[in-house]
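The values are calculated or read from the model by the stated rules, or taken from the named source; none is laboratory data. Here the structure is a predicted model, which means the values were calculated and not measured. Glycine also receives a Cβ, built like all others from the backbone with ideal geometry; neighbour counts cover every protein chain displayed.
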Amino acid sequence: MRRGLAVAAGVAGLLVGSLGGGGTAQAVQARPEPVACPANVGDKATCYTGQDRNGAYYAIAVPKRWNGSLVVHAHGGPDLGEGSDPGRSVGDLDRWSVMVDQGYAWAGSSYRRGGYGTRMAAADTENVRRLFVDEFGRPKRTYVHGQSWGGNVAAKVVEVYGKKHGPYDGALLTNGVMAGGSRGYDYRVDLRVVYQYYCQNLPRPSEPQYPLWQGLRPSSTLTSAGLKARLEECTGVASAPEARTAAQQRDLDDILAVTGIPERTLESHLRFSVFTFRDIVHNRLGDRNPFSNVGVRYSGSHDDAALNAGVERFSADPAARRDLGYDSDLTGQVSIPVLTMHAIDDPTAFVEHEAAYLASLRGAHREQNLVQTFTTETEHSELSNAEYANSITSLATWVRTGKKPTPRSIAASCAAFDRAYGTGCFYDPGFHPSPYASRVLPRPGRLSWPAMTASQERSWSRIDGVGIAP
């Protein structure tokens, strides 16, 4: 059923541009070529890789016992490499082989470049779906799945491409960053300024100074290893508690207490607030500031008055915040069934992101299209395979029958999958997350993006195809 991979001219036009630029356009779009499947897929499927006309590498798997439906995967991150990573989509296929186990074909894009750009990533995700259809025919049903930032990307796919009677039949969003970019990173904004107040080594007094909303000055050669060393220098977080100095322990205690960030993910959150913020501000927003902490009162330290008097303050450029919001925030305009699953003790994308997402759908009067489930797991990047298999099956049953499941019915159906996978079922069907503002300090006076109308979204956006123009 190989029918060529020419993409309609309208799609090619749509995929030109991204949040801050769109990678190198390819003159020829490579057809998918058969390759050896990754280890976890093995001989259960035939696997293919290729590169689309925008430069995005992709991977596809078609099970030998295909159920006729497709899962399109949106990966997380964002990775910060300059170009598309040819190994990323193959690694994702290996990691999400549970979907192939369940009989679904799988397709995933590595995206045309690294760096931030939710609409860019959503467009590349939609493009790999079209590639699959051109090559293998239209699936019986199509589902989009994303985890972490990929959950934000997949949710954007739902809003932009997932219209009723459109190409997507349902969405599975797991441990997703569902509050969007304009407020979803506020706790990392707070970490960036609180860290610098206590540690004074990013930048050091002897180094060129820059506003902290930049994350890192554009010309800095600091590496992840160098950042880790500075964090250790200040807090001793990688050392045993008894090996820390009293000053290190006090600074660590204050940073954790004020920001609410778990100790085990402090380094990864700080890394995002440095390197990914630099990418967002410098590479994607033309050195404009989308972040604010004006009016935020920090508490929980040994001296809150001194902290609030001394911490760096800044207000967002409204146009920059608007553009980041247009790219990544969610309006709640959902027309297809969406199932979410989130670890209650997710240390990276806090579970309160789900409260923000529910509020978005309620604001758009679309909450009937959403079912949210929660598990007692404590990791961000990986949940139980039995739960993934159960979730995609529950979503597919909802789509096929029109009967909306409940968190309790989904929890009850997991045991059958655990008999096959043995990875456990950890649902808590009675759990409801607290409001997002209970976990992440709100910015006073901010207009919530979901409150904007569709016409405001269009008029406020500076777009070039699928993202923000530089």
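Could you pull out the residue among ALA179, ALA171 that is among the small types (Gly, Ala, Ser) and in contact with a strand residue (DSSP E or B) (Cβ under 8 Å, 6 or more places away or on another chain)? Selected residue: ALA171, the only one of ALA179, ALA171 that is among the small types (Gly, Ala, Ser) and in contact with a strand residue (DSSP E or B) (Cβ under 8 Å, 6 or more places away or on another chain). Within the stretch 275-300, residues that are of a type in the set (A, V, I, L, M) reach partners that are assigned to a loop (DSSP other than H, G, I, E, B) and surrounded by fewer than 21 Cβ atoms within 10 Å (Cβ to Cβ) with beta carbons closer than 6 Å, at six or more positions or on different chains, in the pairs VAL294/ARG313; VAL294/SER315; VAL296/LEU441. Among the criteria (1) in contact with a Phe, Trp or Tyr (Cβ under 8 Å, 6 or more places away or on another chain); (2) part of a loop (DSSP other than H, G, I, E, B), the one LEU395 does not fulfil is (2).
The rows are residues; the columns are (1) within 18 Å of VAL160 (Cα to Cα); (2) at pLDDT below 95; (3) touching a strand residue (DSSP E or B) at 6+ places or on another chain (Cβ under 7 Å); (4) not assigned by TED's automatic domain parsing to the domain that holds TYR195.
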{"residue": "ASP303", "(1), (2), (3), (4)": "no, no, no, no"}
{"residue": "HIS342", "(1), (2), (3), (4)": "no, no, yes, yes"}
{"residue": "VAL371", "(1), (2), (3), (4)": "no, no, yes, yes"}
{"residue": "PHE374", "(1), (2), (3), (4)": "no, no, yes, yes"}
{"residue": "SER381", "(1), (2), (3), (4)": "no, yes, no, yes"}
{"residue": "SER384", "(1), (2), (3), (4)": "no, no, no, yes"}
{"residue": "THR393", "(1), (2), (3), (4)": "no, no, no, yes"}
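Just for helices (runs of 4 or more DSSP H) wholly inside the stretch 138-233: which have at least 2 residues that are among the charged types (D, E, K, R) and either buried (at least 24 other Cβ atoms within 10 Å of the Cβ) or under 24 Å from the mean Cα position of the chain (by Cα) (or both)?
Values: elements: 149-161, 181-184, 186-199.
Helices (runs of 4 or more DSSP H) meeting the threshold: 149-161, 186-199.
Out of all the residues in the stretch 311-323, is one or more under 20 Å from ASN293 (Cα atoms), surrounded by fewer than 24 Cβ atoms within 10 Å (Cβ to Cβ), β-branched (Val, Ile, Thr) and modelled with pLDDT of 95 or more? Yes; the residues of the stretch 311-323 include at least one that is under 20 Å from ASN293 (Cα atoms), surrounded by fewer than 24 Cβ atoms within 10 Å (Cβ to Cβ), β-branched (Val, Ile, Thr) and modelled with pLDDT of 95 or more. Got at least one residue in the stretch 53-72 being basic (Lys, Arg), more than 21 Å from ALA154 (Cβ to Cβ) and crowded, with 18+ Cβ neighbours inside 10 Å? Checking the stretch 53-72: at least one residue is basic (Lys, Arg), more than 21 Å from ALA154 (Cβ to Cβ) and crowded, with 18+ Cβ neighbours inside 10 Å.
Take the stretch 234-250 and flag every residue that is among the aliphatic types (A, V, I, L, M) and either outside any helix (DSSP H, G or I) or surrounded by 12 or more Cβ atoms within 10 Å (Cβ to Cβ) (or both). Reasoning before the result, please.
Within the stretch 234-250, the subset among the aliphatic types (A, V, I, L, M) is 237-238, 240, 243, 246-247.
Of everything in the stretch 234-250, those that are among the aliphatic types (A, V, I, L, M) and either outside any helix (DSSP H, G or I) or surrounded by 12 or more Cβ atoms within 10 Å (Cβ to Cβ) (or both) turn out to be VAL237, ALA238, ALA240, ALA247.
Kindly indicate whether any position in the stretch 129-140 is closer than 30 Å to ASN293 by Cα and at pLDDT 95 or above. Show your work before the answer.
First, pick out the residues of the stretch 129-140 that are closer than 30 Å to ASN293 by Cα: none.
Checked against the condition, which is being closer than 30 Å to ASN293 by Cα and at pLDDT 95 or above, the stretch 129-140 yields no hits at all.
Within this structure, ASN67 passes the test of being modelled with pLDDT of 95 or more, over 15 Å from the mean Cα position of the chain (by Cα) and either in the same structural domain as LEU285 (by TED's automatic domain parsing) or under 23 Å from SER384 (Cβ atoms) (or both).
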